[in-house]
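The values are calculated or read from the model by the stated rules, or taken from the named source; none is laboratory data. The structure displayed is predicted, hence computed values, not measured ones. Virtual Cβ from ideal backbone geometry, glycine too; neighbours counted across all protein chains shown.
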Amino acid sequence: MVLIVGTILAFVYMALKPKQDDNIANDKRKQILSAVHITPAADGAIEQTFNKYIVAGYLLNKDGSIADSAQNVAFNIDMKNNVKLEERKLPVFKCRLDDGSLKYIVPVYGAGLWGPIWGYVAVDDNGTDIFGAYFSHEGETPGLGAEIANSKFQGQFKGKKIYVDGEFKSISVMKAGQKPTDGSQYVNAISGGTITSRGVQAMLSDCLTPYDPFFKKLQSGTN
């Protein structure tokens, strides 16, 4: 009986796995698109919408040049494992909007209060301004840290600059009434979600800093 049940469960798993993989991939596509304020018209249009707007994906060298532009090479990077590497992969998604403007989307991954947090940050082709941001979490507290997934918090990042006087400075996440002392631009932290807010700030600094050479290439028009 155990053997029969095990065989049936294995068969069901193998039968459902392709669909599960598709669902995971489409959820990731939706998250990436959210960073540039695009929502697919329907679930069945996710991949089509993604392929329409994401015109390239590649990995960068440390100097900001393209190391690998093979199909899906950026999409297949697992950020959970990537951030643990001594020498990380640096994936970028190049997006062309309907008005012809280009945006560059980079993934971020860090730790909140109760577990992982992650997201995507889209930067204008001038290499200095944030166009949009998307964040999600595994288990932050509803109404508190989980608010990083809400548009009100994410919308604060649009238009923020990641360069001050030519120097890269990540975005700070500060309590209302406070300002960073390093001159960086900032957004308001989540009320009651101090640790998660700090996690977002640390995540952005940790994950965006390696892209400094790439952003500078965008600024100089050499990429």
Check your understanding: Just a yes or no: is a residue in the range 74-82 surrounded by 15 or more Cβ atoms within 10 Å (Cβ to Cβ) and assigned to a strand (DSSP E or B)?
Key -> no
Review point. From the list GLY159, GLY177, which residue is of a type in the set (Gly, Ala, Ser), out of contact with any Gly (no Cβ under 7 Å at 6 or more places or on another chain) and within 29 Å of TYR58 (Cβ to Cβ)?
Key: GLY159
Review point. For TYR163, are the conditions met, namely being of a type outside the set (Lys, Arg) and more than 25 Å from ARG29 (Cβ to Cβ)?
Key: yes
**Study point:** Exclusive hit being charged (D, E, K, R), part of a strand (DSSP E or B) and at pLDDT 95 or above, set LYS52, LYS94, LYS89
**Key:** LYS94
Point to revise | Restricting the range 97-147 to residues that are within 17 Å of the chain's Cα centre (by Cα) and of a type in the set (Phe, Trp, Tyr), the residue that is surrounded by the most Cβ atoms within 10 Å (Cβ to Cβ) | key: PHE135
Revision key, fill the gap. Pairing a residue in the range 59-80 that is in contact (Cβ under 8 Å) with a residue 24 or more places away in the chain with any residue that is surrounded by 13 or more Cβ atoms within 10 Å (Cβ to Cβ) and acidic (Asp, Glu), where Cβ atoms lie under 7 Å and the two sit 6 or more apart in sequence or on different chains, gives LEU59/ASP68
Practice item. Could you please find all residues in the range 166-194 being touching a Leu at 6+ places or on another chain (Cβ under 7 Å) and more than 22 Å from ALA146 (Cβ to Cβ)? Key: SER170
